[in-house]
1. What residues qualify as long-range amide H neighbours of residue 7, i.e. H under 5 Å apart, gap of 5 or more or another chain, H built at 1.01 Å from N?
2. Could you give me the ³J(HN,Hα) list for the stretch 135-142, computed from phi with Karplus coefficients 6.51, -1.76, 1.60 and θ = phi - 60°, whole Hz, x at Gly and Pro?
3. In debye to the nearest 20, how big a dipole does the stretch 170-343 give about its Cα centre with +1 on each Lys and Arg Cβ and -1 on each Asp and Glu Cβ?
4. From the backbone phi of the stretch 261-268, what are the Karplus-calculated ³J(HN,Hα) couplings (6.51 cos²θ - 1.76 cosθ + 1.60, θ = phi - 60°) in whole Hz, Gly and Pro given as x?
5. Of 42, 90, 59, which is farthest on the positive side of the dipole of the chain, counting Cα position, with +1 on Lys and Arg Cβ, -1 on Asp and Glu Cβ, and the Cα centre as origin?
6. Students often get this wrong, so check it: of 3/158; 131/306; 203/306; 158/363; 78/139; 253/320, which have C-alpha atoms separated by over 21 Å?
7. Which distance in nm do the two modelled labels at residue 29 and residue 178 give, with both placed 7 Å along the Cα-to-Cβ direction?
8. Applying the Karplus parametrisation 6.51 cos²θ - 1.76 cosθ + 1.60 with θ = phi - 60° to the phi angles of the stretch 228-244, what ³J(HN,Hα) value in whole Hz is obtained for each residue in order, glycine and proline being reported as x?
Amino acid sequence: MPKRIIIAGGGTGGHIFPAVAIANALMKIDPTLTILFIGAKGKMEMEKVPKEGYRIIGIDIAGFNRSSLIKNISLPLKVIKSFVQVSEIFKGYKPDAVIGVGGYSTYPVLRYAQSKKIPTFIHESNSFAGKSNILLGKKATRIFVAGEGMDKFFPAQKIMITGNPIRNSIAQSNISREEGANYFKLDPGRKIVLVTGGSLGAKNINEAIAVSIGDFSANNLQLIWQTGKPFAAHARQVSTGRKNVWTDEFITKMEFAFAAADIVVSRSGAMAISELCVVKKPVIFVPFPFAAEDHQTVNAKQLANKNAALMIADAEARGKLVATIIDLAANQKLQDELKVNIGKLGVTDADQVIAREILETIK
């Protein structure tokens, strides 16, 4: 009988993209597999996963709201309801293995699988493990991590260091810079800056760009600007009539953006870093300051200390970001140094390593 696998998680691109990469690697090794995704209703995985050709079922689950305790009143009911929904899915699907990639749906799906003695696998992309993954790790079959030092969160004997799986469209891209620039209707003969706060956007990065939007044309720079949904309308407004600016809430074909870009501005989540190491671009990181244990700042500093990236604190973005972009754009020597050093850290086969280990374990 062909093996059936469930992949649970989502919420952000940083969870969805590696999940799809793992799914694609699994299918490449064994095309007879059946893969089902489980996500949280209303979250972006419910839209993104079907576009990648996979079936997804949504469950009613949410995380703990730290900013408004009153909003957590319904949380226990949602958790109970999610377990009932998961049990029904499992009865019909009968999975041979379950993979969790992080996000709200990971906990009830993997916890239920563990209660039924179904092999469970965790992919933890960050250098600081989430609380749900730490709890799930105690009974997990195998835990895939990006780098060293994760034995402070998980049982050492269950850890396998693989790096982070990145989108195949990026890892195997052969798109030229000219093709990338043309995709965004920009001039390949002028420098292009890619600004992205991730799939959900980044307020301080967006505001820094908006207030200094005129400085890009004044310095002969072009801009590809992914804003996230909340800032998209304002970005369109300040960009109106500026032929050197392309902006939208989300970039579907990020491989074209990376190909076009001479300089990248990004948050410093684990998946963003993994992709940027592979595409070998000069990067200015603006860490999200409210990540658990401020791990995005830790991530960015690790690269900055290796002269593999520049870093600006989120609180300083409005005052420093655009000036730093302009200075870096004028300094080709530093751009070249950053490209070489960040490229040394790239891993392109994590998805295949993870897929082989899962299939070998459950065969």
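FYI, it's all coordinate maths here, none of it is from the lab. Because the structure is a prediction, the values reported are computed rather than measured. Using ideal geometry, Cβ is built from the backbone for each residue, glycine included, and neighbour counts are taken over all protein chains shown.
1. Here the answer is 36, 37, 38, 99, since their amide H atoms fall under 5 Å of that of residue 7.
2. Once θ is set to phi - 60°, the couplings for the stretch 135-142 become 5, 5, x, 4, 10, 6, 6, 8 Hz.
3. Working: 19 positive and 17 negative charges, 45 e Å.
Computed about the Cα centre, the dipole is about 220 debye.
4. Per residue, the Karplus-derived 3J(HN,Hα) values read 6, 8, 9, 10, 10, 8, 5, 10 Hz.
5. 90
6. Numbers: 3/158 23 Å; 131/306 30 Å; 203/306 28 Å; 158/363 18 Å; 78/139 23 Å; 253/320 29 Å.
Cα-Cα > 21 Å for 3/158; 131/306; 203/306; 78/139; 253/320; rest within.
7. If labels sit at residue 29 and residue 178, their model points lie 4.0 nm apart.
8. x, 4, x, 9, 4, 5, 5, 4, 4, 5, 6, 9, 4, x, 9, 6, 8
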